[in-house]
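Input: a single structure, listed below in structure tokens.
The values are calculated or read from the model by the stated rules, or taken from the named source; none is laboratory data. Owing to the predicted nature of the structure, the values given are computational and were not obtained by experimental measurement. For neighbour counting, all protein chains shown are included, and Cβ atoms are generated from backbone atoms with ideal geometry for every residue, glycine included.
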Amino acid sequence: MRLLLTTLGLFVFLLTHAQIRSLEVEPNHSTVGFRLSIAGFSAITGKFSDYNIYLDWNDTDFAASSITAEIKVNSINTGIPDRDTHLQSADFFDVEQFPLIRFTSDSLRRINYANYAAYGQLSMHGVTKSVVLPFEIVNIDGNTIGFKLRTKLNRMDYGVGSDFAHTDMPEFLAKEVEVEIDFWTRRRKN
């Protein structure tokens, strides 16, 4: 009985003293990247270099944690400036009208030992959809938490490049985009 009361007391203490750490991405050690098949022959890769990812990490109740992210679309970099300018144009992302890609989690869930899922709203190109983003926690050391996210998105669901047509190849651009995000955190600067 004493053990049960002690355990219950510890549980109540942890619940009432839950520490929520406000963390943000460490951009020097993080990447927000993508890969897209071209005509079934090749692929282009690229990344966004200007973004913020915020994490409110609850030490005692992971499900009470949350993630928000903002990506500035004009920071797209595929290594070819003319292509980047075209991707920023109204043919694709239309950065003048839709400058940001946003994700806000509704809930986080643990799937198994190191695998998790963020359920939330992804807004891109004026369209908001509910998505599930699977991710892995790679390592934790104090305020440094490493995350690895691999998923696929259909660009047509968001109208990105939906009216673009190549002059010679009707299926020039794949509809499915592979998303690769690796980031680690640091304490948020206030």
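Per-structure values
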quantity: Residues of segment 19-51 that turn out to be outside any strand (DSSP E or B), among the aromatic types (Phe, Trp, Tyr) and touching a residue at least 60 places away in the same chain (Cβ under 8 Å), as a count; calculated: 0
quantity: Residues located in segment 147-163, provided they are free of Cβ contacts under 8 Å to residues at least 12 places away in the same chain and of a type in the set (D, E, K, R); calculated: none
quantity: Filtered residue count, segment 139-182, keeping only those that are over 27 Å from Ser42 (Cα atoms) and surrounded by 15 or more Cβ atoms within 10 Å (Cβ to Cβ); calculated: 4
quantity: Boolean, Ile181 is without any contact (Cβ under 8 Å) to a residue 24 or more places away in the chain and assigned to a strand (DSSP E or B); calculated: no
quantity: Check on Ile101, β-branched (Val, Ile, Thr) and exposed (fewer than 12 other Cβ atoms within 10 Å of the Cβ); calculated: no
quantity: Selection within segment 81-125 - within 17 Å of Phe135 (Cβ to Cβ) and aromatic (Phe, Trp, Tyr); calculated: Phe103, Tyr113, Tyr116, Tyr119
quantity: Residue within segment 129-136 that is more than 16 Å from Thr151 (Cα to Cα) and among the acidic types (Asp, Glu) present; calculated: no
quantity: Total residues in segment 16-57, condition of a type in the set (Val, Ile, Thr) and over 17 Å from the mean Cα position of the chain (by Cα); calculated: 4
quantity: Search result, residues across segment 147-163 that are of a type outside the set (A, V, I, L, M) and either more than 22 Å from Gly33 (Cα to Cα) or in a strand (DSSP E or B) (or both); calculated: Phe147, Lys148, Arg150, Thr151, Lys152, Asn154, Asp163
quantity: Total residues in segment 52-99, condition modelled with pLDDT of 95 or more, among the hydrophobic types (A, V, I, L, M, F, W, C) and in a helix (DSSP H, G or I); calculated: 2
quantity: Matching residues in segment 111-146 - criterion: being without any contact (Cβ under 8 Å) to a residue 60 or more places away in the chain and not in a strand (DSSP E or B); calculated: Ile111, Asn112, Tyr113, Ala114, His125, Gly126, Gly142
quantity: Asn154 at pLDDT below 95 and within 20 Å of the chain's Cα centre (by Cα); calculated: no
quantity: Residues (out of contact with any Asp or Glu (no Cβ under 9 Å at 6 or more places or on another chain) and either under 25 Å from Ser37 (Cβ atoms) or among the small types (Gly, Ala, Ser) (or both)) located in segment 99-123; calculated: Ser105, Ser107, Ala117, Leu122, Ser123
quantity: Subset tally (residues that are surrounded by 18 or more Cβ atoms within 10 Å (Cβ to Cβ) and either in contact with an Asp or Glu (Cβ under 7 Å, 6 or more places away or on another chain) or under 18 Å from Ile137 (Cα atoms) (or both)) for segment 46-98; calculated: 9
